[in-house]
Amino acid sequence: MDTFIKFTNQSQGRDRIFRATQYACALSKYLLRNSSGRKELVAKLKSLESNMSAGRKSNINRALYFICDNVLWARSVGLINDINKDRWSLNASRYYLLSLVMGLTRDVYVISQLVVQRTRDKHFQQRLNRHLSDSPEVAEVVIPQLDAFLFLVFESLKTHPAVALDMLKNICDLFIPLDRLGIYQSNAGVVGFCGLISSLLGIVTLIQPNLKIKP
């Protein structure tokens, strides 16, 4: 209970809870979209989703790519009226996509450095050779070099879970702006599910700082 109270007392903690609730509502709405007699519940979920979204945008301490979202929030509560909502929404998604691409680029760079370190480890080289020799059937369907590379990546991520979680979180988040910008359109269910997973991973990394990738 003390951990939960400490978590919710942080602005980041409340934001992560709001975000998880927002995308949980979006996913639930999608799953209930064809259910008869659930219109009232769907309406309540839509209202809760909107409230959670507005609650998140009231946090001004965000990176540059969230400025557009904060302007949209200000418009939604009547602080600003004379703006083009669609244009600002698209700009917010573009900045969000750019930040995620940069985050994924960092993840790939960190993983490449870990792989290079592994290849220079003589003890690990012995494990790799043993893995390849102990799995001759894999060579029939997978190129040995590819198998070796995948083994290197897997072992590197296993010993550095913060990198793995950060990459998974960024990949999940990627579906949100891609869908909004029409680059890769999925559906509300996929967006809600990916947003929920990403939010839960964010909560985990906030509770366990050792699982948060260092800048």
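Only the coordinates and a few stated rules stand behind these numbers; no lab work does. All values derive from a computational prediction rather than experimental measurement. Cβ coordinates were reconstructed from backbone atoms using ideal geometry, including for glycine residues, and neighbour counts include every protein chain displayed.
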Practice task
Rounded to whole Hz and in sequence order, give me ³J(HN,Hα) for the stretch 107-120 from the Karplus expression 6.51 cos²θ - 1.76 cosθ + 1.60, θ = phi - 60°, writing x for Gly and Pro.
Solution key: 4, 4, 5, 4, 4, 4, 5, 5, 5, 4, 4, 5, 5, 8
Exercise for the section: Please find the FRET efficiency linking SER47 to LEU90, where r is the Cβ-Cβ separation and R0 is fixed at 25 Å, and quote it to the nearest 0.05. Expected result: 0.50
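Give me the extension gain from GLN185 to GLN208: residue separation times 0.36 nm, minus the current Cα-Cα distance, reported in nm with one decimal.
4.9 nm
Based on the Cβ-Cβ distance of THR105 and THR159, what FRET efficiency does E = 1/(1 + (r/R0)^6) give at R0 = 22 Å, to the nearest 0.05?
That gives a FRET efficiency of 0.55.
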Practice task
Run the quick spin-label model on ASN129 and GLN12: label points 7 Å from Cα toward the beta carbon, then report their separation in nm to one decimal.
Solution key: 4.4 nm
Practice task
Could you tell me which of the pairs LYS169/LYS214; LYS122/LYS214; LYS169/LYS212 are separated by over 18 angstrom between their Cα atoms in the structure shown?
Solution key: LYS122/LYS214
